[in-house]
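Single-structure report; data block below.
Coordinate-derived values only; no laboratory data. Everything numeric in this text was worked out from a predicted model, so none of it was measured. Cβ coordinates were reconstructed from backbone atoms using ideal geometry, including for glycine residues, and neighbour counts include every protein chain displayed.
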Amino acid sequence: MKTALFIAGVACSQWPTKLLAPYVDITIHPRFDINIAQRQTGIQYYTIGPIISDSSGFPAWQGNITANSTSGFYASTISNLRNNGGDVILSFGSDDGFEIAENCTSADELVTKYQSVISAYGANFITIYTPFTGYLDAFQQTNDIRSQALATLQKNNPNLKISFTLPSDTTGIDIHGMEVLKSAFQHNVAVTSVNIIAGNYACCVSNGTAVKYAISAVEGTKAYINQTRVQNVGLGIVPVIGQNTDFVFGLDDAKQLVDYANQNTWLSFLSYSTMNRDTNLNGTIEHSSQIPQNLFGFATVLKSWAGITSTTDTSPLPSAAWKANNWIFIILVLCYI
């Protein structure tokens, strides 16, 4: 049996100090191509996910597409992006399914699983999304296993950046998010940034209100980080764009967020969820913001904060024949088993 191993190109050596990396769910059909987004918006960096446990406890995209070097899933797309100066942040965790750490009984087991994905995609930046989904005692045990594993990963991968993406209420991260960070800090994980998800605020049903609570949440999180006295931790905001179950985060909110970020230089990261929805199409909530906007309207607003001024490229994608002749998957090893 022959097994082909794939590589997703070479990761970038230096990330910008003002990082805009929209979140893309790469498991939704039709498959989102970050290279199209790069060409049409000028945005170079993307957060892609979700990576969670499959039914056997191994890392998988949305729990059903193997996230390793033999599957090669999305590797050529990442390689194309890297060849054009961009890169990706791998996002572990989701509101659906189980975080990988929840299905591990030891830090060593979790290290092996994280490393398999990091090596498969040549990644040097990951983010951990940790919604609270169970009993507090089990949650705290998972925190410590995760933190020990992340600290070991950074020893084994000295250039690895790790951020946490945490749910928030209108005043900041909740007690569960604080416990996640407390454990990480206690185990000496070097946390690049703490990014709050600004969304599902039942109070915020109109433009101009959602951004107010997003700002309140990140300021509350900043106060908590200051209390820990841990140094060099950046802060970020990840708004859930468009019409949502309980609130609207509109283009006016995005513009106010950029104004706020420009005035507060301690804010080092912006994203939004999801770029799949940043369209002018009608459709389901997975594929549409459900509000009037142009294609990549939120990207257009937010990219000014990161100093991205490139014009939109609406040229067609390369032909299928061109792609076939320039296949990006690189076969590293052929193993005969």
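So here's what we get for this one:
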item	result
Placed amide H near residue 127: partners under 5 Å, 5+ positions off or other chain	90, 91, 92, 163
Packing-based exposure ordering (other Cβ within 10 Å, fewest first) of 99, 179, 219	219, 179, 99
Antiparallel %, DSSP beta bridges [both residues in segment 163-307], to 5	20
Global form of segment 38-112, assessed from the alpha-carbon gyration tensor, a/c cut-off 1.5	prolate
In nm, spacing of pseudo-spin labels at residue 226 and residue 309 (7 Å Cα→C-beta vector)	3.4
Length released on extending from residue 116 to residue 140, taking residue separation times 0.36 nm less the Cα-Cα span	6.2 nm
In nm, spacing of pseudo-spin labels at residue 155 and residue 31 (7 Å Cα→C-beta vector)	3.8
Rounded Å value of the spacing that divides the Cα centres of segment 246-280 and segment 71-86	26
Virtual spin-label span in nm between residue 108 and residue 95, 7 Å along Cα→Cβ	3.8
